[in-house]
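The structure appears below as structure tokens.
The values are calculated or read from the model by the stated rules, or taken from the named source; none is laboratory data. Note that the structure is a prediction, hence the values are computed from the model and not measured. Ideal geometry is used to build each Cβ from the backbone, glycine not excepted, and the neighbour counts take in all protein chains shown.
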Amino acid sequence: MMILTLVEHFLATLLTVESPYLNLFFSIFLCYNTNMNDLKHIISNNLVELRKRKKYTQQDLANMLGYSDKSISKWEKGDSLPDIETLYQICNLYNVTLDYLTHEGTWDDKQDFVIKNYYRRNKILIVLMVLSVVWTIAIAVLAYSISFKAGVPYWTACTWAVPASALVLLYFNRRWGKRNWKYPIIAILIWTGLAAIYLQLLYHEQNIWPIFILGIPVQLVVVLWSQIRNEDI
């Protein structure tokens, strides 16, 4: 019993560091000291309350998370629980911490577990800042090319900045965004990447326009991938 208490104190200390994964780990640890049926009941009630608060249908939520509406129904009935990664996505979607899902009470009672608006604003500012760095580098390279009349096609830096920006958006969307935003970003990455390659080679008098044909099957794979739904068994 003493060892268990020491471990709990150690984990509580870890939680002074702002990390969603440490919070997830700590909450899962507490699950082992709580009746699992009670925990399922608490989480399922909170999932229903948060979904209705956002005025989402089960199908809406299923589309956002990449699951079927049958899976959402199971979670909300307490028949099963989402995996850790999905719980984290749900928390990001509703702007709450995992503690919100694992504690009883109303929205007003659990304001300490609600992520404030400034936190969302900071996420947007971080993304814009990284995108600004990408485009600053591209424009600086272009300015160098114009100023010194370099024979190298530095202007293509701006064409490469577009797929680079898509990569940035894809990364941050994976961390903070919604799953259904991922596929349009991937589509932008595919076609702007092919365009950048085409323009780069065109400067060297290599007109390989058939490269765009390659984008068709790749785009088809992305579309089919977007239709896949995870199913709880």
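Okay, here's what the table says:
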| read-out | value |
| --- | --- |
| Answer residue from the range 138-171, given it is assigned to a loop (DSSP other than H, G, I, E, B) and touching a helix residue (DSSP H, G or I) at 6+ places or on another chain (Cβ under 6 Å) and is modelled with the lowest pLDDT among those | P153 |
| Residues located in the range 66-85, provided they are touching a residue at least 40 places away in the same chain (Cβ under 8 Å), assigned to a helix (DSSP H, G or I) and surrounded by fewer than 20 Cβ atoms within 10 Å (Cβ to Cβ) | K70, K74, I84 |
| Conditions (1) part of a loop (DSSP other than H, G, I, E, B); (2) in the same structural domain as W176 (by TED's automatic domain parsing); number of the one not met by R121 | (1) |
| Condition met for L50 (among the hydrophobic types (A, V, I, L, M, F, W, C), part of a helix (DSSP H, G or I), at pLDDT below 85 and surrounded by 18 or more Cβ atoms within 10 Å (Cβ to Cβ)) | no |
| Residues (crowded, with 18+ Cβ neighbours inside 10 Å and not charged (D, E, K, R)) located in the range 174-189 | G177, I185, I186, L189 |
| Test: residue in the range 129-145 that is within 22 Å of the chain's Cα centre (by Cα) and under 26 Å from V96 (Cα atoms) | yes |
| Matching option when the condition is of a type in the set (A, V, I, L, M, F, W, C), over 26 Å from the mean Cα position of the chain (by Cα) and part of a helix (DSSP H, G or I), among L202, L224, L194, L220 | L202 |
| Filtered residues of the range 93-106 (kept if assigned to a loop (DSSP other than H, G, I, E, B) and closer than 21 Å to P82 by Cα) | N95, T97, H103, E104, G105 |
| Lone qualifier among Y171, Y154, Y119 - being out of contact with any strand residue (DSSP E or B) (no Cβ under 7 Å at 6 or more places or on another chain) and over 30 Å from G66 (Cα atoms) | Y154 |
| Residue satisfying condition, being closer than 28 Å to N92 by Cα and either crowded, with 17+ Cβ neighbours inside 10 Å or not assigned by TED's automatic domain parsing to the domain that holds V96 (or both), within set A164, A196 | A164 |
